[in-house]
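Read the structure below first, then the notes.
What follows draws every value from the coordinates through simple rules; no lab data is involved. Keep in mind it's a predicted model, so treat the numbers as computed, not measured. Neighbour counts are summed over all protein chains in view; Cβ atoms, including those assigned to glycine, are modelled from backbone coordinates with ideal geometry.
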Amino acid sequence: MKVGLCGFGGMGRTHAQLLQKHADVKLVAVADAEEERRQLAKDTYGVQTWASGEEMIAAGGLDVVFVCVPTYLHAPLTIQALRAGCDVFCEKPMALNEALCQDMIAAADECDKALMIGQVLRFWPEYVFLKKAIDSGEYGKLHTLSMT
């Protein structure tokens, strides 16, 4: 599976490191607006680099695109990647507003591609436990929930 990464800041570098743990996954391209970050990606992973996510996606050859850029770029890059035939992992928050979120979902549906948003807390054991407890009614019916 060939992966392209849009954004090589903190989260992008974290994802790049984690991708190395999967034998069937190869990080092949990184896009970042900053030359220093592109050079770091090239030096560290031997990948092809691009100055923009749009250029990287348009070049083709990717199976999956990770979108780890500022939020205002999430929707356009995600939709472009989906339409290019890629599955997409997009960091949170999904987009700037609900309409853009709906556009992203519609593009994934139309292209029959996977779209995952990086809302990872839902997979933590304590959150899984709480979800099961609420769904089962083990502690009664939930009337109000406030979290900060």
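Worth a mention:
- Cβ-based net charge around Met11, under 13 Å, with every Lys or Arg adding one and every Asp or Glu removing one: +1
- The chain: angle of helix 125-136 to the longest principal axis, Cα-based, in degrees nearest 10: 40
- Computed over the range 2-121, relative contact order equals 22 percent, with contacts defined as Cα pairs under 8 Å that lie 6+ residues apart.
- 20 °C / 1.002 mPa s Stokes-Einstein diffusion coefficient of the chain, Kirkwood radius on C-alpha pairs, µm²/s: 130
- Net +/- balance of residues flanking Leu115 in space, Cβ distance below 15 Å, scoring K and R +1, D and E -1: -4
- Lysines with Cα under 28 Å of Lys92, excluding same-chain neighbours fewer than 8 positions away: Lys2, Lys21, Lys26, Lys42, Lys113, Lys131, Lys132
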